[in-house]
Amino acid sequence: MPKTQYTKTALKEAIAGKLQRHFACEVEDATKDQVYEACALVVRDALTEHMIETQNEVERDGERQVHYLCMEFLVGRSLRNNAYNLGMLDALTAALKDMGFEMADIFEEEADPGLGNGGLGRLAACYMDGMATDGVRGTGYSIRYEHGIFKQKIVEGQQVELPDSWLSTGEVWQIPAMDETREVKIGGTVDTYFDDNGKLVVNYHDYTPVLAVPYDMPISGYGTNNIARLRLWKAQSPIALDMKLFSSGEYLKALEKHALAETISMVLYPEDNHREGQSLRLKQQYFLVSATLQDICAKHKAKYGTLENFAHKHVLHINDTHPTLVIPELMRILMDENDMSWEQAWNITSQSVAYTNHTVMPEALECWPVSLVQELMPRIMQIIYEINERFCKELWNYFPNDFQKISKLAIVADDTVRMAHLAIAGSFSINGVSALHSEILKERVFTDFYKIYSSKFCNVTNGIAHRRWLCEANPELAELIESKIGTGYRTHPSELQVLNNYADDKELLDKLGEIKRHNKQRLADYIKEHNGIEVNMDSIFDVQVKRLHEYKRQMLNILHIISLYHKLKDNPDMDFVPRTFIFGSKAAPGYAVAKKTIQLINSISKMIDNDPAVRDKLKVVFLEDYKVSLAEIIMPAAEVSEQISIAGKEASGTGNMKFMMNGALTIGTMDGANVEICEAVGKENIFIFGMETPEAEALAASGSYEPMVIYQNDPVIRRVLDQMIHGFGDGVDYTDIANLLLHGGNGGPADRYMSLKDFASYAEAQERVSQTYRDQDQWNRMALINIANSGRFAADRSIAEYAQNIWRVKTNFAF
Ligand code: 26V
């Protein structure tokens, strides 16, 4: 447990002190943003102290460390989370109250750091929390993007992207470590030759130097002083804008170079599950990798004087293929800078790197043109060629004379570098993020690699930071749980299982329903304020929040909503369980279909809200700017969780876990972690529908799927699509979307993700949802069972599995 106890009086004094010293103001005159900053500084003092202690311990005992490299960390707000973890939340709330402030108002001052797109980035953040709590010596590495994911505004139903500047309130959590600045070299040329002793000499010149300046965010764990450090690299130009250059006519050139270097950490790429091969993105990846490795190697050498024992002391975990260049970069450092042979360097590298795959979407699998890698990092390209050559020789032993197979599996082919192949060749472990996904990797995506390297493949099902998503986001529910099973589940999430004993406790179930209602009210207030829509508190809050992508099938949800609208229009007095469909989603700025889908949701929302015949029973709400802090309001209020991707495409999903933990019931396909959620709660406590993976894959492969036939034979679907062609009364034309479903487009087949195929089964499952909701006792009982069996989806468990099975480092977590 943390050593320090924080009392209200001590905190008041500390906050007042910070206000005085930093803003020269008294408590009475302080603004909310000043108070936020003062609170953050107080909390930060405690964290930095613990961070130094943790670092000293790591230094002293020399145990194996985990370095988690990821282009994204969607950390969410820090103040409440840190106060909770340090056990000072109650004292801080009371201290602020005494000073005339509401804690919630102060939290609202903090901008949400949007250093990620979606699942991948949020997972990385949950894992930092897990590592800190489980006592794993972990450091996360990423880029300190000046602008995170764009802010989304909805203007006349359409998404508009605005720049996000989070640093003004986020900087307080970052401690710069200027003395550990590294230099990354980009571009230029290499000369190699063998010297008199036959040793390869590498000369690298005319490159552009870019400084990588580290900013450290201490990430607290619960009930421990162990701190996981998140090191964010900022790109800075080493070129001082000196006047000498000006006089020699070089000033503008220097200025340009200066600006170019600094653009590297300027903005996060907003694509998700889609690659766009811009050179700036590749520079970002190499910048992260090179700065990180130089950092780790320099410290290692300072301690041990050699890198020979590197693999014993470090694991480099790459989150998706984005940081795969760690493999050739470590090779470069070991060979060019430390005189190691290829074989020795390869042994060390391939025993240090572990790779997690996060998507099977072909358009997200990274490939880079050889010419670009060559231009931006010429020495790295040489090394990749050599890795490829040796790798192909190895493949030859397994597939002799099978040239086709070898070129299919090669790292470099068709003038492109295939990052996943490089990652597989150079790492000792490859894992998927749910049981189903890991099977798909073995059997479909990396089939031949699996034949050769079966022992490298494994699974670690994702998990979420249950303290953030349950204890902090839903304090009333946490209190109820704690009144029955105590607080042990905070560090032993499997103890939530004890709640299964209360499945027939009417009093508890009623209380659960009451708490849900309070949380629904909070969201209803938010909706009223932001959308001007009054929602029916007795309606089912049915939520789909996640990135907008065709494979996630927001479209299936929409088609069903239109069909419900028709049903109600035909029979306005029917006995209908009221529903509020809530969406939250960002679309990649260049993804036209996704943006049009957002517009479609808004058109339908407006049409329904203007129609007195249906609007009390049916509502559609699109919440703009979905982000972590909004999710913290949505999850506790949700009753139905939409997890309706086409089977085989969603690697895991983690929103599904957050909903379940807050007592929402899932309507979902047998995809990603839904399969394990179903197993955990039992088929009777989840609404499963649709094709399973083998069926969906076979149908897609057969080429015989004809949505037009469904359209012709199913009057409900026909009417829905006809309405789409006809429009929703606001003059916006959706024929393009209808055409995409019926005829295909953009080079793709009709209804690529088979929403029409699964429609009937989905509608039937939705009907079961409505009927079940009529019996509130039954509903609450199912909700309780979901909560009780959500412990296995805690990040603490995932981290313990990584630690035990992949990283081979010790953890405090008891399974
Ligand atoms: C790809 C790219 C391509 C280049 C531009 C930027 C960018 C950013 C992200 C990605 C890949 C995204 C992959 C991803 O987020 N996968 C999600 O990972 C979650 C955590 O494992 C998982 O729960 C989701 O199912 C999966 O879609």
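Odds and ends about this structure:
- Cα-based convex hull, the range 579-666, per residue volume (Å³, whole number): 122 Å³
- ³J(HN,Hα), Karplus 6.51/-1.76/1.60, whole Hz, each residue of the range 339-356, x for Gly, Pro: 6, 7, 6, 4, 4, 5, 5, 5, 4, 5, 4, 6, 9, 9, 9, 10, 10, 10
- Extension gain, GLN778 to LYS683: 0.36 nm times the residue separation minus the Cα-Cα distance gives 32.7 nm.
- Close amide-amide hydrogen proximity is noted between TYR207 and THR189, each under 5 Å apart and 5 or more residues distant or on a separate chain (H modeled in the peptide plane; Pro and chain starts excluded).
- In plain terms, the chain from ASP196 to THR306 could stretch by 37.1 nm, reckoned as 0.36 nm per residue minus the Cα-Cα distance.
- Solvent-accessible area assigned to carbon and sulfur over the range 611-687 amounts to 48 percent, based on a 1.4 Å probe.
- Convex hull of the range 665-806 built on C-alpha atoms - directionally averaged projected area, nm²: 12.6 nm²
- In summary, the aspartates and glutamates within cross-link reach of LYS606, defined as a Cα separation below 18 angstrom excluding same-chain residues under 8 places away, comprise GLU156, GLU529, GLU534, ASP542, ASP616, GLU624, ASP730, ASP733.
- Solvent-free Debye calculation, one equal scatterer per alpha-carbon of the range 547-694: log10 I(q)/I(0) at 0.08, 0.10, 0.21 Å⁻¹ equals -0.23, -0.37, -1.44.
- Phi-based couplings in Hz for the range 458-470 (Karplus 6.51, -1.76, 1.60; Gly and Pro marked x): 8, 10, 9, 5, 4, x, 10, 6, 5, 6, 5, 7, 10
- Radius, Kirkwood style, for the range 356-490 when every pair of distinct Cα atoms is counted (Å): 17.8 Å
- Kirkwood Rh and Cα Rg combined as Rg over Rh, evaluated for the range 3-98: 1.06
- In the chain, the inverse of the mean reciprocal separation of distinct Cα atoms equals 28.1 Å; this is its Kirkwood hydrodynamic radius.
- Relative contact order (%) - criterion: Cα under 8 Å, at least six apart; region: the chain: 13 percent
- Under a model in which nothing but the beta-carbon of Lys, Arg (+1) and Asp, Glu (-1) is charged, the chain shows a dipole of about 820 debye around its Cα centre.
- Calculated mean residue ellipticity, 222 nm, the chain: -14500 deg cm²/dmol, from DSSP H runs (n ≥ 4) at -39500 (n - 2.57) each, averaged per residue and rounded to 500.
- Spatially proximal lysines relative to LYS511 (Cα-Cα < 18 Å; intrachain offsets below 8 disregarded): LYS484, LYS520
- FRET efficiency, 1/(1 + (r/R0)^6) with R0 56 Å, evaluated for GLU63 and ALA760 via beta carbons: 0.50
- Using a Förster distance of 56 Å, the FRET efficiency for VAL160-ALA814 (Cβ separation, nearest 0.05): 0.70
- For LYS303, the aspartates and glutamates whose Cα comes closer than 16 Å to its Cα, not counting residues fewer than 8 places off in the same chain, are GLU57, GLU59, ASP61, GLU63, GLU180, ASP295.
- Placing pseudo-labels 7 Å out from each Cα toward the beta carbon at GLU363 and THR447 gives an inter-label distance of 2.4 nm.
- Cα-Cα over 23 Å, subset of LYS516/LYS546; LYS299/LYS456; LYS595/LYS619: LYS299/LYS456
- A convex hull fitted to the Cα coordinates of the range 317-356 yields 51 cubic angstrom per residue.
- Percent carbon-and-sulfur accessible area, the range 177-331, ignoring ligands, DNA and RNA, probe 1.4 Å: 53 percent
- Length released on extending from ALA613 to LYS405, taking residue separation times 0.36 nm less the Cα-Cα span: 68.7 nm
- Order by protection proxy (mean Cβ within 10 Å, highest first), peptides 536-544, 75-83: 75-83, 536-544
- Per-pair calculated FRET efficiency, R0 = 60 Å: ALA701 and ASP45 via Cβ, rounded to 0.05: 0.50
- For the listed peptides 132-139, 449-456, 486-493, a ranking on the average number of other beta carbons within 10 Å per residue, highest first, reads 132-139, 486-493, 449-456.
- Convex hull projection area averaged over all views, the range 236-387, Cα basis, nm²: 11.1 nm²
- Spin-label pair ALA24/LYS567, simplified geometry with 7 Å Cα→Cβ offset, distance in nm: 6.7 nm
- For the range 466-793, fraction of C-alpha pairs farther apart than 32 Å, in %: 27 percent
- Amide H within-cut-off set for HIS147, under 5 Å, with H built and near neighbours excluded: VAL267, LEU268
The values are calculated or read from the model by the stated rules, or taken from the named source; none is laboratory data. None of the values given here were measured: they were computed from a predicted structure. When we count neighbours, we look across all protein chains shown, and the Cβ atoms used for this are built from the backbone with ideal geometry, even at glycine. In case anyone asks, the SASA skips ligands and DNA or RNA and just uses the protein heavy atoms, side chains included. Shrake-Rupley method; radii C 1.70, N 1.55, O 1.52, S 1.80 Å.
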